[in-house]
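> Please find one structure pasted underneath; my questions will follow.
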Amino acid sequence: MDTKKSDKFLSTLEAAQKGDADAQFALGLMYEDGKGTEQNYVAAYKYYKFAADQGNINAQYKLGIMYYDGKGIEQNYIKSIEYFQLAANQNDSDAQFNLGVMYGDGKGTEQNYVAAYKYYKLAADQGNIDAQVNLGLLYAYGNGVEQNYEKAAEYYAAAAAKGDAIAQYNLGLLYENGDGVEKNYAKAFECYAAAAKQGDAIAQYNLGDLYYFGKGTEQNYTKSFEYFQLAAQQGNSDAQFALGLMYEDGKGTEQNYTEAYKYYKLAAEQGNIDAQVNLGNLYCFGKGVEQNYTKSFEYYQLAAQQEDATAQRYLGNLYYFGKGVEQNYTKSFEYYKLAAQQGDSEALYTLGYIYDVGEVVAQDYAEAHKYFKQAARLGNISALLSLGILYEYGQGVELNYEKAAEYYSAAAAQGDAAAQFNLGVCYEKGEGVDQSYEKAVEYYSAAAEQGDAAAQCNLGRLYENGYGVEQNYEKAVEYYLAAAAQGDAAAQFNLGVCYETGDSVEQNYEKAAEYYSAAAAQGHANAQCNLGVLYENGEGVDQSCEKAVEYYSAAAELGHAAAQCNLGILYENGYGVEQNYEKAAEYYSTAAEQGYANAQCNLGILYENGDGVEQNYEKAAEYYLAAATQGHAIAQSNLGNLYYYGRGVEKNYNKSFEYHQLAAQQDYSESQYQLGLMYCKDLGVKLSKINAYKYYLQASTQKHVNAENELGCMYAEGKGIKQNFKIARDYFYSAARKGHRGALNKLGLMFLSGNGVRQNYMKAVYYFCLAAKRGETEAWHNLGIMYADGQGVKKNKRIARQLIKRSAVYKKPGTRSVDFISD
């Protein structure tokens, strides 16, 4: 690449250096693309930043991209969002779209589909195709908005009309399934065809499927074959399997087992279970390949590892006859049983048959009867369920979870909802079966479809937590609603949580209170506690601490630790009850005994201050330690303070530093500030102004007023960091606005000296007065000097003497004097 600077680059550079925002953006673009100069992302970032700071929308967007990709600057999704937001605020549709993506993906922010919807909508309204597609997806899945297939179809159609292949495919899917539009295979065919023409592999596959079954078009195996082939060439495993099937059956092409083998193999290598089974069959029967039982075994095993029952049964056959593997009846039985447990009737029959005829095993009619009975018990489901219950609880028989699971499995396979639910519990807990959330989901789902409330609730919980299925809040709510409608207290509580937090539903405190109330009325302790929180905060209900006390008390009587702690807080502060520190201590103590960290910390505070209990620093330290070991930041900070002052523990600055550091790592600003002080004072850690600065800075990001003041001092004095009066001024301003008297005094000094601000004696007097009113003795002294010199006020030596005298009475050793800032 020619790295010589072009004339255009030089002229653009000159304009950019003069502050022209458009030129700065253009220069950033040249650096980014390496046009007219050597490519340099760092320089590109620099000039984009200059332009963005002047409001250049394109530069703001580019900075968002650079922070997202980590080009020219360390990747930082939070910063990316900031710059996209700036551009989006100026109606840049690409920035609005990208914000939607980041909120949807939870990058740089908590995942928030509602916010994603907002920005997609803004971009879509400006005609942004990608935003229209993603809006359609949000409506289709009900993410951030109420599920609305009609709206999804509307947005897909808008993008599809502009030629977007994804939108065309998605719209086709809606027409095929009749979601949001009237089911119309012809329309689905039309949409798939448009997307397929642009090379969309899934659309090509779906188009082949419509041709295969004659939906929306005349059945045409030849056309079906053609589209499956197009998709298969792009690596679509379903299409590869379909091609194998067509070659094997001779549909749309001449029968050709060799070609069938070829496409099954491609699909099987991508994990396609059906292809693995069919590939095993080709090897087993020598079709398209030389018969090879070993190879057949390998492919059946791949499918069996994914719990394919047919493959498991075929493996059983190979082990039974010793083909492709050493004959092993034990293994054969294992695979037959695996297949049988999934309801494979052939496997059940085979097991019974083997024992019945007595071939290769000793004839055992009892065993044969057991397996035949499992198949024959289609008409006696209740007996199976009852037997399972007996074995599960050891009623009349020796307790045997395996037996129970076996009987539940038989009944569940026949469609019994209660058996399906119980079997789901077994798999979830790993009782009698290998623990498997996937299996639990399978059986809960089967029972839930029959209206079993407990199964619906449990299935909702698995979807909510992503156990055994992909996490899906919308599905969770769907199942909770079904169970709650039948009066299931656990589901009512879970729905209350969803509405309170706004997970997958629009946040609605009234709804949350409604569901909590229903569950609380049934004695559900968690619901009682959460309902108390709503009453305490006035969310969804009229604010009433008295009601909060009522519900906390009900849950506390059931041993609910959080409710006991919350009740303690109300007693401590006199909310809804007469203030009573003794009662507060009592409830904190009860919750603390259960290991509840908040209660342990709060109880420690009472012991430290002697509220409701006799002051006892040792006890305070004990409870702080209990909470701190659970990672409770406030307790860690408070314990750090006790070690600092030697209260209840032997004074130990190292220990103090250690606990403050733990709290600071959780972004607890008070400990971050304390660590800064300890680094400054060489207490518990080696003196380090740099580290002090780091911790002050962390605390200041949370608007910690003392940390802001200390940072102002460091910048003003140039200690631990390069002297910078303007930054010092900004920190003093921030602290001063919060009423920090020291910062007010420092601002007065800055206006007096003209460092970081334009010199202004009247403003100096103004800030000294504010500081003095808040008890800053140095400010009195400084005011006295101002009166003595007649700066900013009328010269008055009498007042000057009074102020200076007053400051001398209270001034502490080491207090900074007027001239602490110097040019």
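The values are calculated or read from the model by the stated rules, or taken from the named source; none is laboratory data. Just so we're clear, the structure is a prediction, and the values are computed from it rather than from any experiment. Here the Cβ is made from the backbone with ideal geometry for all residues, glycine too, and neighbour counts use every protein chain on show. Note: accessible area is taken over every heavy atom of the protein model, side chains too, but ligands, DNA and RNA are not part of it. Shrake-Rupley method; radii C 1.70, N 1.55, O 1.52, S 1.80 Å.
> Just for the Cα atoms in the range 1-151, what are the lengths along the principal axes, largest first, rounded to whole Å?
56, 28, 28
> While we're on this one: Per DSSP helix of 4 or more residues, -39500 (n - 2.57); summed, then divided by the residues of the chain. What does that give at 222 nm, rounded to the nearest 500?
It lands at -22000 deg cm²/dmol.
> Return the distance in nm (one decimal) between the two label points of a simple spin-label model at residue 269 and residue 254, each offset 7 Å from Cα along Cα→Cβ.
2.6
> Quick check on the range 578-623: take the gyration tensor over C-alpha atoms, sort the square-rooted eigenvalues as a ≥ b ≥ c, and tell me if it's rounded (a/c under 1.5), prolate or oblate.
On the way: a/c = 2.19, a/b = 1.06, b/c = 2.06.
Oblate, since a/c reaches 1.5 and b/c is not below a/b.
> Determine, from the Cβ-Cβ distance of residue 690 and residue 110 and an R0 of 30 Å, the FRET efficiency 1/(1 + (r/R0)^6), rounded to the nearest 0.05.
On the way: r = 32 Å, r/R0 = 1.08.
According to the calculation, E is roughly 0.40.
> Between residue 292 and residue 183, what length comes free when the chain is fully extended (0.36 nm per residue of separation minus the Cα-Cα distance, one decimal in nm)?
Numbers: separation 109, 0.36 × 109 = 39.24 nm, distance 4.66 nm.
Result for the pair: 34.6 nm of gain on full extension.
> Find which of 43, 55, 808 sits farthest along the positive direction of the dipole of the chain, computed with +1 on the beta-carbon of Lys and Arg, -1 on that of Asp and Glu, about the Cα centre.
After comparing all options, I get 808.
> Suppose R0 equals 25 Å. What FRET efficiency, 1/(1 + (r/R0)^6) with r the Cβ-Cβ distance, do residue 801 and residue 773 give to the nearest 0.05?
Details: r = 20 Å, r/R0 = 0.79.
After rounding, the FRET efficiency stands at 0.80.
> Counting only heavy atoms of the protein chains, get the accessible area per residue of the chain (1.4 Å probe) and round it to a whole Å² value. Intermediate results must be reported in sequence, preceding the final value.
Numbers: 39360 Å² over 823 residues.
That works out to 48 Å² for each residue.
> A further question follows. Evaluate the distance, in nm, between pseudo-label points positioned 7 Å from the Cα of residue 501 and of residue 53 along their respective Cα→Cβ axes.
Output for this residue pair reads 4.1 nm.
> Give the angle, between 0 and 90 degrees and rounded to the nearest 10, that separates the Cα long axis of helix 741-753 from the longest principal axis of the Cα atoms of the chain.
60
> If you don't mind, there's one more thing I want to ask. If you average over every viewing direction, what projected area does the convex hull of the Cα atoms of the chain give, in nm²? Before the final figure, lay out each step's value.
On the way: hull surface 205.3 nm².
The directionally averaged projection comes out at 51.3 nm².
> Okay, next question. Please get the size of the charge dipole for the chain, origin at its Cα centre, with Cβ charges of +1 on Lys and Arg and -1 on Asp and Glu, quoted in debye to the nearest 20.
Working: 71 positive and 101 negative charges, 1208 e Å.
Dipole about the Cα centre, nearest 20: 5800 debye.
> Which one of 192, 520, 330 is farthest out on the positive end of the charge dipole of the chain, using unit charges on Cβ (Lys, Arg +1; Asp, Glu -1) and the Cα centre as origin?
Value: 520.
> What nm distance separates the two modelled labels at residue 521 and residue 593, each placed 7 Å from Cα along Cα→Cβ?
3.3
> Residues in the range 18-60, backbone N under 20 Å from the label point at residue 89 (7 Å along the Cα-to-beta-carbon vector): list them, ranges by number please.
21-22, 25, 48-60
> Another one. Of 291, 165, 785, which is farthest towards the positive pole of the chain's charge dipole, taken about the Cα centre with +1 and -1 on the beta-carbons of Lys, Arg and Asp, Glu respectively?
Positive-most Cα among the choices belongs to 785.
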